[in-house]
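Below is one structure, written out as structure tokens; comments come after it.
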Amino acid sequence: MGIHITGVGSCIPSHTKKNEAFLNHSFLDTDGSPFNNENDDIIEKFKAITGIEERRYAKPDQAASDLAFLAAEKAIEDAALDPETLDYIIVAHNFGDIKHGCIQTEMLPSLATRVKHQLQIKNPNCVAYDVIFGCPGWIEGVIQAQAFIKAGMAKKCLVIGADTLSRITDSSDRDSMIFADGAGATIIEETDKEGGILSHCTQSFSNGEAFYIYAAKSYESDADPSDKYIKMYGRKVYEFAISHVPQALKNCLDESGEEIGALSKVFLHQANEKMDEAIVKRFYRLYRHPQPENVLPISIQKLGNSSVATVPTLLDLVKRNQMKNHIVQEGDIALFASVGAGMNINAFSYKF
């Protein structure tokens, strides 16, 4: 017996915004002053650091819950599941539903309730709730779903990560180029098959680190101070991640009882290509073990950072053979991990 991911689906928005689209932006420093560098230099350095070439944005008539619903439909179909048999719908996000052209968020009713409504599930015993946990939200939702199943409180759970970060970014902020939209969904249930989720860990660092990612007004001097946008201290986030995530990965793998040599994949939150590569490199150093090729799939080049959606979307792409040189087979061992606002870190180990 094991608690497995039996269905996977994602919603990758159709609208692509390439780096060149930012050439005419008026990027400003934190004090509202313009940079001395030209935009093409800013964009070139941005790509070198993050790896991002383009990102996806939702259609004007779509909100995060719509993307979540579309991903959920695919995951339910993949699991060959009757949605009326779901015990929990857990939706991880950060900003609720944001209408196009508006930065006011809608979180009432919850996004999970909105997804359940769109799925037309009549069963009142299917409990729908949201998780607000920064970028690690989807992984935390999976950990919670596993706990419900192990406790005998549930048999089948739908866990979704969805965000439309493009609608909460300050266009004068260089970091606006990082963020993207998307959704990924998974069905979590117990089966007769061995393996599945083997171990997990979660940490929250809030003594000085809590506001590394935060909300604040635009860098535009005449902007309305009551309008808040996503902001971050990029260097602090980077240093925090490479300092703490490798050990969290090791703790999780050690708890699973599996050897480092058995590890096939690390599904890591797609926040920054250089950061992810540094995290995995340091993780393998902790074991004094050489890092194998093709252990770290990367999607951020084309999809950007869609927060809670990145990890389940990455899994869906790999399972559908949409990532070159990346496959998963029965018996493979993988780690799923994320780091983000809070500052939160989490991971779980998994045997396919």
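The values are calculated or read from the model by the stated rules, or taken from the named source; none is laboratory data. All of these numbers come straight from a predicted model, not from anything done at the bench. Counting neighbours? That spans all protein chains shown, and the Cβs are built from the backbone with ideal geometry, glycine included.
Quick look at the values:
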| quantity | calculated |
| --- | --- |
| Residue list for the range 334-352, restricted to those being farther than 12 Å from Ala248 by Cβ and within 20 Å of the chain's Cα centre (by Cα) | Ala334, Gly340, Ala341, Gly342, Tyr350 |
| Count - residues of the range 4-47 that are hydroxyl-bearing (Ser, Thr, Tyr) and either surrounded by 13 or more Cβ atoms within 10 Å (Cβ to Cβ) or in the same structural domain as Val308 (by TED's automatic domain parsing) (or both) | 3 |
| Boolean, Ile98 is closer than 25 Å to Ile197 by Cβ and surrounded by fewer than 23 Cβ atoms within 10 Å (Cβ to Cβ) | no |
| Qualifying residue in the range 107-121 (condition: buried (at least 18 other Cβ atoms within 10 Å of the Cβ), touching a Pro at 6+ places or on another chain (Cβ under 6 Å) and not in a loop (DSSP other than H, G, I, E, B)) | no |
| Of residues in the range 50-61 being under 12 Å from Met177 (Cα atoms) and of a type outside the set (Gly, Ala, Ser), the one surrounded by the most Cβ atoms within 10 Å (Cβ to Cβ) | Arg55 |
| Residue among Asp66, Asp130, Asp61 that alone is under 20 Å from the mean Cα position of the chain (by Cα), in contact (Cβ under 8 Å) with a residue 12 or more places away in the chain and not in a helix (DSSP H, G or I) | Asp130 |
| Those residues of the range 18-47 which are in contact with a Ser or Thr (Cβ under 8 Å, 6 or more places away or on another chain) and part of a strand (DSSP E or B), in sequence order | Leu28, Pro34 |
| Single residue of the range 230-241 satisfying the filter (touching a strand residue (DSSP E or B) at 6+ places or on another chain (Cβ under 7 Å) and outside any helix (DSSP H, G or I)) that is surrounded by the most Cβ atoms within 10 Å (Cβ to Cβ) | Ile230 |
| Residue match in the range 302-309 (condition: assigned to a strand (DSSP E or B), modelled with pLDDT of 95 or more and in contact with a His (Cβ under 9 Å, 6 or more places away or on another chain)) | yes |
